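Right, one structure below, let's go through it.
The values are calculated or read from the model by the stated rules, or taken from the named source; none is laboratory data. Since this is a predicted model, take the numbers as computed values, not measurements. Note: areas computed on protein heavy atoms with side chains; ligands, DNA, RNA excluded. Shrake-Rupley method; radii C 1.70, N 1.55, O 1.52, S 1.80 Å.
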Amino acid sequence: MTAELLEELETTIKRFRVTPDQAAELNAEAEEITVAWQRITGRPPSLLVTAPAGEDCWAVPIPHRPDWLMKLILKNAPAWWLK
């Protein structure tokens, strides 16, 4: 990624608490997940869902998108991401 693209990058990040059942469904051993909505001019918007892992709190991507997570993502998405 170039410095020019980084200047254009728009990001909104939110954290959400999840139940133990929801965490298990995501194969995550975490009490919360982080959702990052991103866009760069001229490119499709992107989405990254992660959960902290281990004592160092590294973020592990979560590719699985059950219905409850999609509802959470869409309900909380910034207007620019939904366009």
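With respect to the chain, whose longest principal axis is taken over its alpha-carbon atoms, helix 67-76 is tilted by about 40°.
Among (i) 93; (ii) 106; (iii) 128, find the value of volume of the Cα convex hull per residue in Å³ that was calculated from the structure presented, and write down its label. From the options (i) 93; (ii) 106; (iii) 128, the structure gives (ii). Amide H contacts of Val60 (H built 1.01 Å from N, in plane; Pro and chain starts excluded): Ala51, Ala53 sit under 5 Å, all sequence-distant by 5 or more or on other chains.
In this structure, the amide hydrogen of Val18, modeled 1.01 Å from its nitrogen in the peptide plane, lies closer than 5 angstrom to those of Glu32, Ile33, counting only residues at least 5 positions away or on a different chain. Amide H to amide H, with H built 1.01 Å from N, Leu26 comes under 5 Å of no residue 5 or more places away or on another chain.
For the chain, report the accessible area per residue in Å² (1.4 Å probe, heavy atoms, rounded to an integer).
It amounts to 72 Å² per residue over the chain.
In the chain, carbon and sulfur make up what percent of the accessible area (probe 1.4 Å)?
Details: 3260 of 6010 Å².
Of all accessible area on the chain, carbon and sulfur atoms account for 54 percent.
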